[in-house]
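What follows is a single structure, written as structure tokens, with notes after it.
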Amino acid sequence: MSNQTTFKQKIKKYRKHPGSFLMLLLVMMGAILTFLVLIFLVVYILVNGIPSIGPALFSLHYTSENVSLMPALINTVIMTGLSLLIAVPLGIFASIFLVEYAKQGNRLMGVIRLTTETLSGIPSIVYGLFGMLFFVNTLGWGFSLLAGAFTLSIMILPLILRQTEESLKAVPDSFREGSFGLGAGKLRTVFHIVLPSAVPGILAGVILAVGRIVGETAALMYTAGTVAKVPSNIMGSGRTLALHMYTLASEGLYMDQAYATAVILLVLVVGINTLSGGIAKRLMKA
């Protein structure tokens, strides 16, 4: 009875305010449309890609016959690890400075925030051109995984910085006051009380950064190169999974393998998000 009464009250409310009912319909239509687009994309990729998945795609060495994606998959893991190794510490330390040490209203804070917002809006092709001019040519690294990792770290740095900053701000001031009241110093309070409490939010930023790294093509095309093999070291050239898929599709000769690569890339992204989400939940419970 209570549910029916509530529903009738909502109907009367929407009759009195037609605009609210219209907004409700628009919001519901937007949510449904977004969900349908996502389902369509996933189903389209799976239908076209799953029939082309076979053992040849997972060969350790790429040839024009097997069109293996395994070297690109290994390069993707290496590229992700290198990029996060560079960007995550810088982003976290910069966020700690902005939230815990910098004075409110400081001009330097305004400059840093303006810089990060500007960096987050730059197209990836511009990052690729910068990486080619600076890391590849000026520093003499050539087309290499290291040049690509440094370029991607600059791309994801604003994302990690902003997410970490918001996570640190979300930690209640009572945590800091309690730590100070027990005699802990500023440094100990930040790294033993505040930072652990913000880990789930920081991890969410890292997840978003990983998704951008895995799906990036333009920036890596001009920095890491398109060689279809696993280099012997980080100074060698190699393509990632997304760049491998783009190269196959642009050639037009291996469309079936390109769709199969898209399926593997989709599974990889979903797997990373699921694993990271589980880790975040465990950290929150702890």
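In terms of the Cα gyration tensor, with a ≥ b ≥ c the square roots of its eigenvalues, is the range 13-109 rounded because a/c is under 1.5, prolate because a/b exceeds b/c, or oblate? Note, shape of the range 13-109 comes out oblate.
The apolar share of the surface of the chain, taken as the fraction of accessible area on carbon and sulfur atoms (1.4 Å probe, ligands and nucleic acids excluded), comes to 70 percent.
Close amide H pairs (under 5 Å, H built 1.01 Å from N) link Ser68 with Thr63, residues at least 5 positions away or on another chain. Couplings 3J(HN,Hα) for the range 91-104, derived from phi with the Karplus relation 6.51 cos²θ - 1.76 cosθ + 1.60 (θ = phi - 60°), are x, 5, 5, 5, 5, 4, 4, 5, 8, 9, 10, 6, 6, 5 Hz, where x marks Gly and Pro.
Seen through its C-alpha gyration tensor, with square-root eigenvalues sorted a ≥ b ≥ c, the range 95-223 comes out prolate because a/c lies at 1.5 or above while a/b is bigger than b/c.
Relative to one another, the C-alpha centroids of the range 215-258 and the range 124-167 are positioned 17 Å apart. Using θ = phi - 60° in the Karplus curve 6.51 cos²θ - 1.76 cosθ + 1.60, the 3J(HN,Hα) couplings for the range 172-187 round to x, 5, 4, 5, 5, 5, x, 5, 5, x, 7, x, 6, x, 4, 5 Hz; x is entered for Gly and Pro. Our helix-only sum for the chain, with -39,500 (n - 2.57) per DSSP H run of n ≥ 4 divided by its residues, gives a mean residue ellipticity at 222 nm of -23000 deg cm²/dmol. Taking all protein chains together, Met23, Met255, Met245 sort by accessible area into Met23, Met255, Met245, largest first [probe 1.4 Å]. Accessible area per residue for the range 160-269 is 44 Å², calculated with a 1.4 Å probe on protein heavy atoms, without ligands, DNA or RNA.
Computed extension length for Ser174-Phe191: 4.6 nm, one decimal, from 0.36 nm per residue of separation with the Cα-Cα distance subtracted.
According to the Cα-based calculation, Rg over Rh for the chain is 1.07, with Rh computed by the Kirkwood formula.
Compared with the direct C-alpha span, the chain from Tyr101 to Ile32 gains 20.4 nm at full extension, assuming 0.36 nm per residue.
The chymotrypsin sites (Phe, Trp or Tyr not before Pro) of the range 204-286 include none that meets both conditions, a loop assignment by DSSP and at most 10 other Cβ atoms within 10 Å of the site Cβ.
The values are calculated or read from the model by the stated rules, or taken from the named source; none is laboratory data. As the structure is a prediction and not an experimental result, all values here were calculated from the model. Virtual Cβ from ideal backbone geometry, glycine too; neighbours counted across all protein chains shown. All accessible areas refer to the heavy atoms of the entire protein, side chains included, with ligands and DNA or RNA removed. Shrake-Rupley method; radii C 1.70, N 1.55, O 1.52, S 1.80 Å.
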